[in-house]
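To keep things clear, I will list the structure first and then write my remarks on it.
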Amino acid sequence: MMTRIAVCLVISSLAVAVRAEAPRFKVLHAADLAAELQSATPPDVFDANAASVREHAGVIPGARLLASYKKYNVALELPADKKSALVFYCANTLCTASHVAAERAIDAGYTDVSVMVDGIFGWKKAGQPSAPIPGQAESLAPKAVAALARDHGAVIVDVREGEERYEVVPGARWMPLSKADDAKSWSAFAGALPKNQTVAFYCASGVRAKIAAKKLAAQGYATAYFESADQWKAAGLPVAKGPAQ
């Protein structure tokens, strides 16, 4: 009789220990996060990776980069609203930096905290887009940009002047680089862009497109650029008649 009681006590103790060690955050996978980012109220996503991982694998478009997964400044790096939906990720299913970062947010009083446990490598294996580290701009081939726009909602922007726009990429937005130094115009332009999608620029040769891409990337957007509508057309992609005569 005593043996059975002892066994029950051991089992009960183990169950309590397992519950005590259970994470307080919600667990997401790549597909779950991708769906949430397409919703009307996407979460704030935080990258807990080391710089070397970010440089090699990129980041999830729109993700904010934590200064340190263990010692990041909660007041400066997380949103003020403690009810904000937060999602942390790191490298892969074996990486726990995101777990530590998430627990730190919960300790600070945040109530809607998740970890995307697949990490950036699992995210990419699932066919989801990555972006270079914010502040950098990636040169992409037109077909790669077209695929991002078709499959992941990337935005394409023409930065040429109006008189140059004889042919345009269908559906591309227009923001001439000559207006980029006007703070009001640029702020209105950037504010209308989705932060969780890649923004790809083009011009006549790629020079202005790269300038615009780097400027926007410095504000935390995932950006890319390609040369021109001519390059787009040469790749076998459709162009439309522009407003220039």
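Rule-based calculations on the coordinates, nothing more; no lab input. Because the structure is a prediction, the values reported are computed rather than measured. For neighbour counting, all protein chains shown are included, and Cβ atoms are generated from backbone atoms with ideal geometry for every residue, glycine included.
As a calculated quantity, the FRET efficiency between ALA147 and GLN245 at R0 = 41 Å, using C-beta atoms, amounts to about 0.80.
Helical runs assigned H by DSSP (4 residues or longer) give the chain a calculated mean residue ellipticity at 222 nm of -11000 deg cm²/dmol, each run adding -39500 (n - 2.57) before division by the residue total. Normalising by residue count, the stretch 25-125 has a Cα convex hull of 88 Å³ per residue.
Between ALA50, ALA172, ALA35, the residue with the greatest mean-square fluctuation in the GNM of the chain (Cα pairs under 10 Å linked by springs) is ALA35.
Principal-axis analysis of the Cα atoms of the chain puts helix 142-152 at an angle of about 50° to the longest axis.
Once the Cβ-Cβ distance of GLU77 and GLU161 is raised to the sixth power relative to R0 = 35 Å, the FRET efficiency obtained is 0.35. Antiparallel versus total DSSP beta bridges in the chain: what percent is that, nearest 5? Restricted to the chain, the bridges split so that about 10 percent are antiparallel. Radius of gyration over Kirkwood radius for the chain, both on Cα atoms: the Rg/Rh ratio is 1.13. Relative to the longest principal axis of the Cα atoms of the chain, the long axis of helix 97-107 lies at roughly 70 degrees. Measuring from label point to label point, each 7 Å out along Cα→Cβ, what is the ARG173 to ALA22 span in nm? Result: 4.3 nm between the two label points. For the chain, modelled as a GNM whose springs connect Cα atoms under 10 angstrom apart, the maximal fluctuation among THR223, THR198, THR93 occurs at THR93.
Less than 17 Å from a label point 7 Å out along the Cα-to-Cβ axis of ILE133: which backbone N atoms in the stretch 180-215 qualify, by residue? The answer is 214-215, whose backbone nitrogens lie closer than 17 Å to the label point.
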